[in-house]
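The values are calculated or read from the model by the stated rules, or taken from the named source; none is laboratory data. Small disclaimer: the values here were computed from a predicted structure and weren't measured. Because the Cβ atoms are built from the backbone with ideal geometry, glycine has one as well, and the counts that use them run over all protein chains shown. These accessible areas exclude ligands, DNA and RNA; they are computed on the full protein's heavy atoms, side chains included. Shrake-Rupley method; radii C 1.70, N 1.55, O 1.52, S 1.80 Å.
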Amino acid sequence: MTVATGPGLRAAVSAALAAGWRARSLYVRADRRSVGIVLTGPDGTARIETTPVSADGAVPSVVDLAPAMAWDEREAHDLYGITFGGHEPMRPLADHSAPLDSWTTAVRGHDAYQVAVGPIHAGVIESGHFRFHVVGDRILHLDARLFYKHRGLEQVAAGMPVEPALSVLSRACAACAVANGVAFATAAEQVLGLQAGPQVARARVLLLELERLWNHLNDIAAICAGVGMAAGSSCFLALTERARRLNARLTGHRFLFGAVQVGRSELDLGAGLAAELGSEIARIDAAARAGWRELRFNGSFTGRLNGVGVVDAAAAARLGVVGPAARAAGLAEDVRTTSRYADYEGWRPVTASDPAGDVAARLELRMLELRQTFDLLGALLDAGPVSPAGAQALGAGRPAGVGLVESPRGATSCVLECADGVVQRVRLRTGSYANWPAVAHAASGSLLPDFPLINKSFELCYACADR
């Protein structure tokens with residue numbers, strides 16, 4: 001991972017994108033006098049391109065080159081006052097003091113009207129406001145506003161040693177605790193001159209796939225709930241609960257909090273417990289396959305999914321969509337393919353049988369990925385005990401590190417700047433953060449009553465914006 005400083009940010013980004021690199025994160029650096037953009041290459045190599053902030057607090061925008069960085073620039077503007085030349089209009093993202101017309105899109109015409117939903121919702125759901133511009137039941141445009149409970153975790157972590165900072169950042173979101181933790185730990189180990197050894201890597205892969213297991217089961221249940229399929233929702237919610245109990249049996253926490261450490265692994269999995277977990281995972285696998293057959297051959301259920309909430313391959317690439325949502329559109333992008341962890345060696349992402357980028361494809365993709373996860377978990381548990389272990393020392397560390405992990409919702413990146421083992425700046429950009437703009441895109445042209453289904457087919461974390 002390299003850090004390059006120079007005034008030619010746009011030229012560097014343009015050349016990198018043309019060479020197949022991808023923009024992963026844009027952030028204000030610790031000195032607050034420069035902006036960095038994290039780029040990753042086809043082989044997983046990461047580098048940070050930086051540019052100084054001018055005397056009047058401005059840097060050139062890159063949204064015309066990498067539209068996925070639009071939220072990043074808006075967040076940097078709201079939280080740090082940086083102006084991005086060429087990004088017009090600069091709509092507020094995290095600044096909720098701004099008036100309504102400053103963050104919504106004006107839609108005018110005969111019979112056009114607005115429907116405001118949230119930020120307080122019925123049921124157990126975090127705060128988010130959706131403002132629909134519609135004619136009849138047809139959605140013309142959706143403006144989404146999140147960040148209602150933004151906790152400033154990155155600012156809290158600044159000034160901490162890496163270990164307590166890990167505890168802060170990994171709790172940004174309960175659904176992504178392992179992915180966030182591994183991304184931070186990987187970045188921290190680069191800073192400290194460490195590398196996860198085989199036992200540490202194996203423990204992390206086990207935890208990552210256990211997290212993916214319960215999330216995918218839960219997401220299938222959510223899609224069922226989105227069309228009122230109570231039997232399917234109940235079936236997969238019950239399997240989700242069983243998977244979370246496995247987590248608690250292994251680590252003492254249903255959401256795997258505290259299971260990831262910097263420079264080591266404390267996971268202790270003996271042969272007896274491995275066999276017990278393996279047997280239960282096999283039973284969950286069998287039940288999930290049976291439940292999937294019931295869904296797949298239920299015409300009234302499947303008929304509600306086709307052609308709804310489409311994000312096609314071109315739109316997914318332009319918006320920087322990641323994870324299952326991208327693969328459902330036919331983009332075979334998966335961070336696990338370039339992972340340095342041996343258990344992911346030879347990993348190949350799956351795509352839906354009809355990668356139309358609709359709800360049906362996003363549902364099928366999760367079931368296909370579940371089969372991969374079941375197989376990998378079975379192999380990991382069959383391989384024998386997992387013992388506590390430390391990382392390998394590589395020598396001198398670096399001033400900055402980048403961790404990139406495939407979370408249940410897609411690529412999660414963490415960029416970390418440290419001095420003497422103390423965090424100076426950390427930026428966590430999750431798969432949910434990357435995909436929220438795609439939800440608004442998927443809603444456009446759809447029917448208003450279909451939005452709950454569309455939203456559930458992405459099943460993104462609000463907390464990942466509220467970090």
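Worth pointing out:
- Note on the range 4-32: among residues that are among the basic types (K, R) and open to solvent by 40 Å² or more (accessible area, probe 1.4 Å), the one that is nearest to T338 (Cα to Cα) is R22.
For every residue, the table says whether it meets (1) of a type in the set (F, W, Y); (2) closer than 27 Å to A325 by Cα; (3) touching a residue at least 24 places away in the same chain (Cβ under 8 Å).
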site: Q372; (1), (2), (3): no, yes, no
site: T412; (1), (2), (3): no, yes, yes
site: V422; (1), (2), (3): no, no, yes
site: D466; (1), (2), (3): no, yes, yes
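- Filtered residues of the range 384-434 (kept if surrounded by 24 or more Cβ atoms within 10 Å (Cβ to Cβ), not in a strand (DSSP E or B) and not small (G, A, S)): P408, R409, T430, Y433
One line per residue, one yes/no per condition, for (1) in contact (Cβ under 8 Å) with a residue 60 or more places away in the chain; (2) more than 26 Å from R151 (Cα to Cα); (3) surrounded by fewer than 20 Cβ atoms within 10 Å (Cβ to Cβ); (4) of a type in the set (D, E):
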position	(1), (2), (3), (4)
S34	no, no, yes, no
P42	yes, yes, yes, no
A46	yes, yes, no, no
S54	no, yes, yes, no
S61	no, yes, no, no
L100	no, no, yes, no
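- Extreme residue, nearest to A175 (Cα to Cα), among residues of the range 262-285 that are part of a loop (DSSP other than H, G, I, E, B) and open to solvent by 60 Å² or more (accessible area, probe 1.4 Å): E266
- All positions within the range 171-197 that are more than 18 Å from L250 (Cα to Cα) and in a helix (DSSP H, G or I): N180, A183, F184, A185, T186, A187, A188, E189, Q190, V191, L192
- Residues (outside any loop (DSSP other than H, G, I, E, B), closer than 24 Å to S61 by Cα and of a type outside the set (S, T, Y)) located in the range 101-120: D101, W103
- Enumeration of residues in the range 77-101 that are among the hydrophobic types (A, V, I, L, M, F, W, C) and more than 16 Å from P437 (Cβ to Cβ): L79, I82, F84, A98, L100
- Members of the range 122-143 found to be in contact (Cβ under 8 Å) with a residue 40 or more places away in the chain and either part of a loop (DSSP other than H, G, I, E, B) or open to solvent by 30 Å² or more (accessible area, probe 1.4 Å) (or both), listed by number: I125, E126, S127, G128, D137, R138, L140, H141
- Failed criterion for L381 (all others in (1) part of a helix (DSSP H, G or I); (2) farther than 23 Å from R24 by Cβ; (3) at pLDDT 95 or above hold): (3)
- Enumeration of residues in the range 64-79 that are more than 19 Å from A411 (Cβ to Cβ) and either open to solvent by 10 Å² or more (accessible area, probe 1.4 Å) or not hydrophobic (A, V, I, L, M, F, W, C) (or both): D64, R74, H77, D78, L79
- Residues (open to solvent by less than 60 Å² (accessible area, probe 1.4 Å), under 21 Å from the mean Cα position of the chain (by Cα) and of a type outside the set (S, T, N, Q)) located in the range 151-172: G152, L153, E154, A157, A165, L166, V168, L169, A172
- Out of A259, A238, A231, sole residue that is in a loop (DSSP other than H, G, I, E, B) and modelled with pLDDT of 95 or more: A259
- The strands (runs of 3 or more DSSP E) falling completely within the range 16-63 include none with 3 or more residues that are over 27 Å from V322 (Cα atoms) and out of contact with any Ser or Thr (no Cβ under 8 Å at 6 or more places or on another chain).
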